[in-house]
Amino acid sequence: MTENHRAHVSVLGLGAMGGALAEALVKAGLRTTVWNRSAGKAGPLVAQGATEAVSAAEAVRTSRLVITCLFDHDSVHEVLDPLVGDLAGRTLINLTTTKPEQARQLAAWAAEAGIAYLDGGIMAVPSMIGQPGASILYSGSEEVFREHAALLDLWATSTYYGEDAGLASLYDFALLSSMYVMFAGFMHGAALLAPAGVPAGRFAEMAAPWLTAMTGELARFAEVIDGGDYTVPGQQSLAFSDLGSFVEASAEQGVSAEPIAMVQRLIQRQVDAGHGTEGFARIIESLRHPAA
């Protein structure tokens, strides 16, 4: 372990994720100072060897490297704005969930204050921190990423996406968007089957391998989208992909059709624009050019 890796680290925010991040540092033997706005969160970490700061200011002054994992963008400013002078010359790695433009704003705020800034998007739940399968995406200062790579890798697989501080958040949102829409589709399917007495568990046994197999189509869709030609042979046409019957079947089952109706609207807009014979991937144009 390098001397830099042994450097003192301060972690601000001990919610479920912040606590997991701090615990991984403590278990790795790093000198770790922790702070949380509400009392009572630091006890287990202190028992493992962390030091609890009585204030965010004390935590910042203790370390050259400050990690924030707070509630939201506003809470980052609420905690750090009064400490901007103390943070000058230090390094800030922000792992609070923020929108891309918020991450860019924080990077600009940090640059003006003389703070080295790296932003991260966590692709894991707290229990995954320090375990195989966890991933954290980073953007912002490449120098910070390289300097602290060994520390970052204690938490998860670390991937750097560039100097634009908003990119990690953008990738994070894109991946989570895909996940949530898939989950909503599964729940719609489970709701369709429920009136027939089919348990969600039985449906999950069928849905998991089916959805896994279908992810093989993503690369083909991406190739079409990147090529910009939705008439490439071998694609299922938009007209053939009409989901009107799915919407009707949902109503017949007494189930909301909202997840599938959303996809049908994207399809229908392209069909109405005269693209019915083109491939399903063209619905991305409905997303790129939202309806007025």
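Taking the criterion of being among the hydroxyl-bearing types (Ser, Thr, Tyr) and either in a helix (DSSP H, G or I) or surrounded by fewer than 22 Cβ atoms within 10 Å (Cβ to Cβ) (or both), the residues of the stretch 23-67 that qualify are 38, 51, 55, 62, 63. Look at the stretch 12-32: where a residue is in the same structural domain as residue 129 (by TED's automatic domain parsing) and a partner is at pLDDT below 95 and polar (S, T, N, Q), sitting 6+ places away or on another chain with Cβ atoms under 9 Å, you get 14/38. From the list 86, 119, the one residue that fits, being acidic (Asp, Glu), under 26 Å from residue 38 (Cβ atoms) and crowded, with 20+ Cβ neighbours inside 10 Å, is 119.
Taking the criterion of being out of contact with any Ser or Thr (no Cβ under 7 Å at 6 or more places or on another chain) and either of a type in the set (Gly, Ala, Ser) or without any contact (Cβ under 8 Å) to a residue 40 or more places away in the chain (or both), the residues of the stretch 93-122 that qualify are 105, 107, 108, 109, 110, 111, 112, 113, 114, 115, 120. Count, please, the residues in the stretch 253-291 that happen to be touching a strand residue (DSSP E or B) at 6+ places or on another chain (Cβ under 8 Å), surrounded by fewer than 17 Cβ atoms within 10 Å (Cβ to Cβ) and either touching a residue at least 60 places away in the same chain (Cβ under 8 Å) or assigned to a helix (DSSP H, G or I) (or both). Total meeting the criteria: 0.
Residues are listed down the side, and each one gets a yes or a no for (1) small (Gly, Ala, Ser); (2) closer than 26 Å to residue 102 by Cβ:
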{"position": "167", "(1), (2)": "no, yes"}
{"position": "170", "(1), (2)": "no, yes"}
{"position": "174", "(1), (2)": "yes, yes"}
{"position": "190", "(1), (2)": "yes, no"}
{"position": "208", "(1), (2)": "yes, no"}
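When the stretch 183-203 is filtered for residues that are more than 23 Å from residue 285 (Cβ to Cβ), surrounded by 13 or more Cβ atoms within 10 Å (Cβ to Cβ) and among the small types (Gly, Ala, Ser), the ones remaining, listed by number, are 189, 190, 191, 194, 200. Within the set 42, 56, 47, the sole residue that is farther than 13 Å from residue 10 by Cα and of a type in the set (A, V, I, L, M) turns out to be 47. For the stretch 197-210, the criterion of being under 19 Å from residue 262 (Cβ atoms), in contact (Cβ under 8 Å) with a residue 24 or more places away in the chain and not assigned by TED's automatic domain parsing to the domain that holds residue 120 is satisfied by no residue at all. Among the residues making up the stretch 213-246, those that are without any contact (Cβ under 8 Å) to a residue 24 or more places away in the chain, of a type outside the set (Gly, Ala, Ser), surrounded by fewer than 16 Cβ atoms within 10 Å (Cβ to Cβ) and in a helix (DSSP H, G or I) are 214, 215, 217, 218, 220, 223, 226.
The values are calculated or read from the model by the stated rules, or taken from the named source; none is laboratory data. Here the structure is a predicted model, which is why all the values come from computation and not from measurement. In this analysis, Cβ positions are derived from the backbone assuming ideal geometry, glycine residues included, and neighbour counts consider all displayed protein chains.
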